[in-house]
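Working notes, beginning with the structure itself.
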Amino acid sequence: EVQLVESGGGLVQPGGSLRLSCAASGFTFTTYWMTWVRQSPGRGLEWLANIKQGGNEMYYVDSVKGRFTISRDNAKNSVYLQMNGLRVEDSAVYYCARGGFGQLGDYWGQGTLVTVSS
Amino acid sequence: QSALTQPPSASGSPGQSVTISCTGTSSDVGGYNYVSWYRQYPGEAPKLVIYEVNKRPSGLADRFSGSKSGNTASLTVSGLQAEDEGDYYCSSYSRGNNLVFGGGTKLTVL
């Protein structure tokens, strides 16, 4: 059974940092792109970043470039999102999803809530 | 990286068909066959219902179908059932290695 389990969310002050993790199981992790998507309370979905199978190609939405970094550890079947310089508007549920630009999101994690507030 | 345009709401009675549109530009929807659709229930993660414009994930009911004409993609749900009620989002690859989502459509089964 394919499973994606996010962790690392929480309450952080503006300007702070968080590192989200997504542990994958039930499929051959090294053959899939992985993606992070977020959803602000009561709002729609926003694509944030994705990373190729080998970890050597990453792409970001403009609003997080230079602040967020996606990475993966294929030995641990995990993908990460390092978030620096957090802003109030970064408050959202953060999902990891399997896939890249093509068949994105045939599996999603349950999401982890990030709240940026003083 | 502008969001794709979806109607905020759509509705239909059980057994009827409903179509939800997703309008972009030649830089996203119109330029690539990487349009996907997702259904989301409140408090849950999205679920993929259509990918690459008109392909259904394995195990998904054939009541869901997708199409594209020019810069507009469409999702049709036939034979509406109560369980189809939810929020539907489209997404598309966008020129320059980006991905954009639509604003979402709330589907109500009357």
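Read the figures in this text as sums done on the coordinates, not as results from a lab. Nothing here was measured: the structure is a model prediction, and the numbers come from that model. In this analysis, Cβ positions are derived from the backbone assuming ideal geometry, glycine residues included, and neighbour counts consider all displayed protein chains.
Results, tabulated for the structure shown:
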read-out: Under DSSP loop assignment and at most 16 Cβ neighbours within 10 Å, longest trypsin sites (Lys or Arg not before Pro)-free interval of chain B; value: B:1-62
read-out: Charge tally in the Cβ shell below 10 Å around A:Met58, where Lys, Arg are +1 and Asp, Glu are -1, A:Met58 excluded; value: +1
read-out: Rotationally averaged projected area of chain A (alpha carbon convex hull; nm²); value: 6.8
read-out: Mean Cα-pair separation over length for chain A, i.e. relative contact order, pairs under 8 Å, 6 or more apart, %; value: 36
read-out: Among B:Leu110, B:Thr72, B:Pro42 - extreme Cα towards positive end, dipole of chain B, charges at beta-carbon; value: B:Thr72
read-out: Alpha carbon centroid spacing (whole Å) that separates region A:24-75 from region B:17-54; value: 19
read-out: For chain B, built as a Gaussian network whose Cα springs stay under 10 Å, the top-fluctuating residue of B:Ser17, B:Ser92, B:Ser69; value: B:Ser69
read-out: Computed label-point distance, nm, for sites A:Glu1 and A:Ser40 using a 7 Å Cα→Cβ extension; value: 3.5
read-out: Bridge type composition, chain A - antiparallel percent by DSSP, nearest 5; value: 90
read-out: Inter-label distance, nm, simple model (7 Å from Cα along the C-beta direction), A:Ser117/A:Asn56; value: 4.5
read-out: Straight-distance crosslink candidates among aspartates and glutamates, where the alpha carbon sits under 15 Å from B:Lys68 and sequence neighbours closer than 8 are dropped; value: B:Asp28, B:Glu52
